[in-house]
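Chemist: The structure under discussion is supplied below as structure tokens; questions concerning it will follow.
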Amino acid sequence: MKEFNQLLKTVRVLRSPKGCPWDRAQKIKNMENFLLEEVYELIDAIDKKQLKSVKEELGDIFLILVVITEMFRQKGNFDLKEVFKTINHKLISRHPHVFGKKKLNNKEEVLKHWVNSKAKQKKRRSIKDRLAQAAPSLLLADIFFKELSYLQGENFKKTSCQKPYVDLKAKVKALEKSKNSEKLLCGIVIDLANIAHRKGINLETRTRRAILKQAKKSTYF
């Protein structure tokens, strides 16, 4: 695409010796922080259904991804061509039911195959190896239970759906008299995340929205 090639050319000029001093001075760590900021801004724009802002924030994220890739290219590691080649190979290899002869009859079978093939390829021994450990805790919990449900399939649904509710009630009841409040509170949050996953609720997103809604009502004057 002409426009994408132009973006790549612009970034390379900015990062060149004759480019912008600020752009040349940026490091990977700076880009990590910028990427996090822009992702949250994109989510905010999507939630608010502000299409103009969504378009702008998507552009900002593409820019950051191109800059990060350019930084690695300048170090002699890889370039955008290799990035695109890798992701295309991954998509084809993990969709053998589309690009190959493997039979996967429903989305549950597809998800289980996807999770297992990733784990095998990346030599993961436990779900912990799958988790981005720097992610926010509620998001981390959501990913954990999602991964667990993919692996266990119907067994996850059959494994005492009432258990997280029972555990939650017991912990809440014990909280008032307990001297180990921290452990109980963490357990309560995990139980809530489990329940939220079973109900199809993203607790990270919904909690953020609820806090912002409450914060709007809490005025200073």
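The values are calculated or read from the model by the stated rules, or taken from the named source; none is laboratory data. This one's a predicted model, so the numbers in the text were calculated from it and none came from an experiment. Cβ atoms come from the backbone with ideal geometry, glycine included; neighbour counts cover every protein chain shown.
Chemist: Do the conditions hold for Thr207, that is, is it of a type in the set (Val, Ile, Thr), outside the structural domain of Glu41 (by TED's automatic domain parsing) and at pLDDT below 80?
Modeler: Considered against the rule, which asks whether it is of a type in the set (Val, Ile, Thr), outside the structural domain of Glu41 (by TED's automatic domain parsing) and at pLDDT below 80, Thr207 comes out as no.
Chemist: Within the group Val13, Val54, which residue is out of contact with any Leu (no Cβ under 9 Å at 6 or more places or on another chain) and either modelled with pLDDT of 95 or more or closer than 21 Å to Arg208 by Cβ (or both)?
Modeler: From the options Val13, Val54, the qualifying one is Val13.
Chemist: Here's something else I'd like to know. I'd like the full set of residues that are surrounded by 15 or more Cβ atoms within 10 Å (Cβ to Cβ) and either among the β-branched types (Val, Ile, Thr) or modelled with pLDDT of 95 or more (or both), limited to region 80-91.
Modeler: Val83
Chemist: Still on this model: Cβ-Cβ under 9 Å, sequence separation 6+ or interchain: first residue in region 162-190 and in the same structural domain as Thr207 (by TED's automatic domain parsing) and of a type in the set (D, E, K, R), partner surrounded by fewer than 14 Cβ atoms within 10 Å (Cβ to Cβ) and not in a helix (DSSP H, G or I). Which pairs?
Modeler: Lys171/Ser178
Chemist: Does Ile64 meet the test of being touching a residue at least 24 places away in the same chain (Cβ under 8 Å), surrounded by 14 or more Cβ atoms within 10 Å (Cβ to Cβ) and not aromatic (Phe, Trp, Tyr)?
Modeler: So Ile64 passes the test.
Chemist: Which residue is nearest to Gln74 (Cα to Cα), if the candidates are limited to region 1-55 and must be β-branched (Val, Ile, Thr) and more than 27 Å from the chain's Cα centre (by Cα)?
Modeler: Looking at the filtered set, the residue picked out is Val13.
Chemist: Next question, about the same structure. Do any residues in region 91-115 that are under 18 Å from Tyr150 (Cα atoms) have Cβ atoms under 8 Å from those of residues that are surrounded by 14 or more Cβ atoms within 10 Å (Cβ to Cβ) and of a type in the set (Gly, Ala, Ser), where the two are at least six apart or on different chains, and which pairs are they?
Modeler: Arg94/Ser117
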